Amino acid sequence: MAFERLVRKLTKENLWLYVISVLRSKPLYGYAVKKAISEKFHFNPSTITVYAVIYKMVREGLIEKFSEGETTYYRVTDKGFMLFEKARKFIRDMEKSIFE
């Protein structure tokens, strides 16, 4: 139970980290974000969950959407990059203090 809770907290409940991670290299459309997360991180969040997180991230200014033709793409904003780096430092510091 404790391990499953940890996995949930580090995956689904912090999906924004994974969204930014896959968008760092190039803009993607919504379903491609979900697919990239599944392929890169080997967990499969539901489509509705991914879209809900994307919409929240747009509202918070972490990513922005733009259109090319009829397709809507998402890319990371400066604010998103800064928060991602802050999270990376926090996670690395926590990992170091817990496991060393």
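At a glance:
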item	result
From the coordinates shown, P(r) over Cα pairs in 10 Å bins from 0, in percent corresponds to which of (i) 16, 52, 28, 4, 0; (ii) 15, 46, 30, 8, 1, 0; (iii) 14, 41, 28, 13, 4, 1	(ii)
Set of lysines near LYS34 by C-alpha distance (under 19 Å), chain-local residues within fewer than 8 positions excluded	LYS9, LYS12, LYS26, LYS56, LYS65
The chain, relative contact order [Cα under 8 Å, separation at least 6], %	26 percent
Calculated [θ] (222 nm, deg cm²/dmol) that DSSP helices of n ≥ 4 give over the chain, each run adding -39,500 (n - 2.57)	-21000 deg cm²/dmol
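Laboratory data are not the source of any read-out in this text; all were calculated from the coordinates shown. Given the structure is predicted, the values throughout are model-derived calculations rather than measurements.
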